[in-house]
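In what follows, a single structure is set out as structure tokens and then discussed.
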Amino acid sequence: MMFLDILNIIMGMLILFVGVLIGVAFLTLLERKVLGYIQIRKGPNKLGFMGIMQPFSDGIKLFSKEQTYLNYSNYLYYYYSPILGFFLSLMIWMLIPYYFNLINFNLGILFFFCCTSVSVYVLLIAGWSSNSNYSMLGGLRAVAQTISYEVSLALILCSILILIMNFNLIKLSIYQQNIWFMFMMLPLSLCMFSSMLAETNRTPFDFAEGESELVSGFNIEYSSGGFVLIFLAEYSSILFMSMMFVLLYLGGYNLNLLFYLKLSFISFLFVWVRGTLPRYRYDKLMYLCWKVYLPISLNMLLLYLGIKLLMI
């Protein structure tokens, strides 16, 4: 590969990262606006036109706050775990099935599983290294929840893998030209969406940050830059999961406006759910995963396996 090709790829990655970060900034604004209107009040509307500069103001404010250094924390782990989490959440964006310039993964879905599995360690280390009881409890809850829902997520994805017989995400758009997979596997797509909510620690599954009982959960001891990086990683994951849902069930990747509108709509659903539903009870969360989603995804897997064999 020529030097200019490598430089081109690196520049493409940097542009992608900047784009994702700007997207995350405006997703926070969308969330505050939507939650405001759900609660019959205005969201941020002072800075700039309709509050459009609010995310940048928030970023500057958070980064300029004092960074706390805990006396009894495991300092290196405490300090570097948000940075690792942030880089993981950006690295997973390499999966977008590009037609040009950047990397086209033949094993994209495996890479997705690798990155989501490693992100569990970030939660665990962040909760443990702070050396606080609240953050430890939040970290343990988050790990149990994320690992549980990764099992159902993997089995749900297996049904799609059986239908397309390929790990490459670009193939999904070819197979969905006539009909979206959402219409073919509606129950699975709904299971997938709620598993994504649990995977990204969002309401109604936000037990890792249970404000009412854990005073903000695993990130309680983080301030300034560390808190911002955890926050950015979470919202970057929301955008990425929305993109995955569009790729898997809503027609795959197309270079047109409709693709981005679908992505924005799924991100909006994440916010809408937060404004509407109360938090689950923890045992109900585990019950839902192991006794509802697991049997459904296994049965559906057998169904699609049978369909595939009949087609052959």
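The values are calculated or read from the model by the stated rules, or taken from the named source; none is laboratory data. The shown structure was predicted, so the numbers you read here are calculated from the model rather than taken from an experiment. Virtual Cβ from ideal backbone geometry, glycine too; neighbours counted across all protein chains shown.
For first residues located in the stretch 1-14 and without any contact (Cβ under 8 Å) to a residue 12 or more places away in the chain and in the same structural domain as Tyr98 (by TED's automatic domain parsing), partners that are part of a helix (DSSP H, G or I) and surrounded by fewer than 10 Cβ atoms within 10 Å (Cβ to Cβ) and lie 6+ apart or on another chain with Cβ distances below 9 Å do not occur.
Beta carbons closer than 7 Å, at least 6 apart along the sequence or on distinct chains, pair a first residue in the stretch 284-312 that is farther than 12 Å from Ser152 by Cα with a second that is surrounded by 13 or more Cβ atoms within 10 Å (Cβ to Cβ) and β-branched (Val, Ile, Thr) for Tyr304/Ile162; Leu305/Ile162; Lys308/Ile162. Checked against (1) over 29 Å from Ile125 (Cα atoms); (2) in contact with a Pro (Cβ under 7 Å, 6 or more places away or on another chain), Gly12 passes all but condition (2).
Taking the stretch 39-90 as the range and being surrounded by 14 or more Cβ atoms within 10 Å (Cβ to Cβ), touching a residue at least 60 places away in the same chain (Cβ under 8 Å) and in contact with a Gly (Cβ under 7 Å, 6 or more places away or on another chain) as the test, only Pro82 passes. Taking the conditions exactly as written (out of contact with any Lys or Arg (no Cβ under 6 Å at 6 or more places or on another chain), in a helix (DSSP H, G or I) and under 20 Å from Gln177 (Cα atoms)), does Leu255 satisfy them or not? The answer is no for Leu255.
Checking each residue in the stretch 38-85 for being part of a helix (DSSP H, G or I) and of a type in the set (Val, Ile, Thr) picks out Ile38, Ile60, Ile83. Only helices (runs of 4 or more DSSP H) whose full extent lies in the stretch 119-188 are considered here, and the ones with at least 1 residues that are among the β-branched types (Val, Ile, Thr) and surrounded by fewer than 20 Cβ atoms within 10 Å (Cβ to Cβ) are 133-164, 171-175.
Remark: pairs (first residue in the stretch 247-260, without any contact (Cβ under 8 Å) to a residue 24 or more places away in the chain and closer than 23 Å to Leu188 by Cβ; second residue surrounded by fewer than 20 Cβ atoms within 10 Å (Cβ to Cβ) and among the hydroxyl-bearing types (Ser, Thr, Tyr); Cβ separation under 9 Å; 6+ apart in sequence or on different chains) = Phe259/Tyr253.
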